[in-house]
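Read through the structure below, which is laid out as structure tokens, and then see the notes.
What follows is calculated from the coordinates using simple rules that are stated; it is not laboratory data. Being a predicted model, the structure only gives us computed values, none of them experimental.
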Amino acid sequence: MDDKELFAAYRATGDIALRNEIAEKYLYIAAVIAKKFTGRGVEYDDLYQVASLALLKGIDRFDPEKGILFSTFITPTIAGEIKNYFRDRSRLVHLPRKVAELRAELKKASEAIAAETGRKPTAAEIAERLGVPEEDVVRAAEAGSVVSLDRPVREDGLSYHDVLPAAEDPFEEVDNRDAVLSALKTLSQEERALVGFRYGQALSQVETAKRMGVSQMYVSRLERKILEKLKEQFKRGLV
């Protein structure tokens, strides 16, 4: 049976054997994604187990009638489950002493600036008050999942996500490496340099801006432009 027939039969019967047949066919995706998240303090076997369970859940949730490939559906599903695993795990890990101390100083500085200005301070203002790098403030604030990565840290609209190093591959939902490489060839030299710094070397936007000799805001805007350009090329099938 092809995929459509397998899923139709499984949805109709709930036969675990059919579910396992589908799972075995796509376990390679779980393995690939689990490998992408290694090197972050968790053994590959544990990540593979999380990915495999996400695969089984995804099989139950997948609706072939929506007209998308299962591989397209399950890739971000598994990646999301692994990210949730890291997020939940981080809440159970005792914070390093240096981070804990900075969080305490951060709280005091934040309250002091708020009292002086009548508004919540930005990460840049707190960093200046404490005499530490802005990224240290962001990391300390994020430790323990106490803030949202989408929350603005500066008046120019940059979010916590913008000033943290990239922790994931923005092309992880694309399972055709050749297509990605082809798409990158359509970028300008400056755009390829940014992609190399941000996603090849996993540098933050702050670090990337220093390497390129531009402002962080410029990097943020150019990055969004690049991702939109690549997404549009994939949608239109130009690569």
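Taking 0.36 nm per residue of sequence separation and subtracting the Cα-Cα distance, how much length would be gained by fully extending the chain between Leu227 and Ser188, in nm to one decimal?
12.7 nm
Can you return the lysines within cross-link range of Lys231? Criterion is Cα-Cα under 29 Å, with same-chain partners fewer than 8 residues away left out.
Candidates past the 8-residue exclusion: Lys4, Lys25, Lys35, Lys36, Lys57, Lys66, Lys83, Lys185, Lys210.
Gain in length, Thr72 to Arg211, computed as 0.36 nm per residue apart minus the alpha-carbon separation, to one decimal in nm?
Separation in residues times 0.36 nm, less the Cα-Cα distance, equals 46.6 nm.
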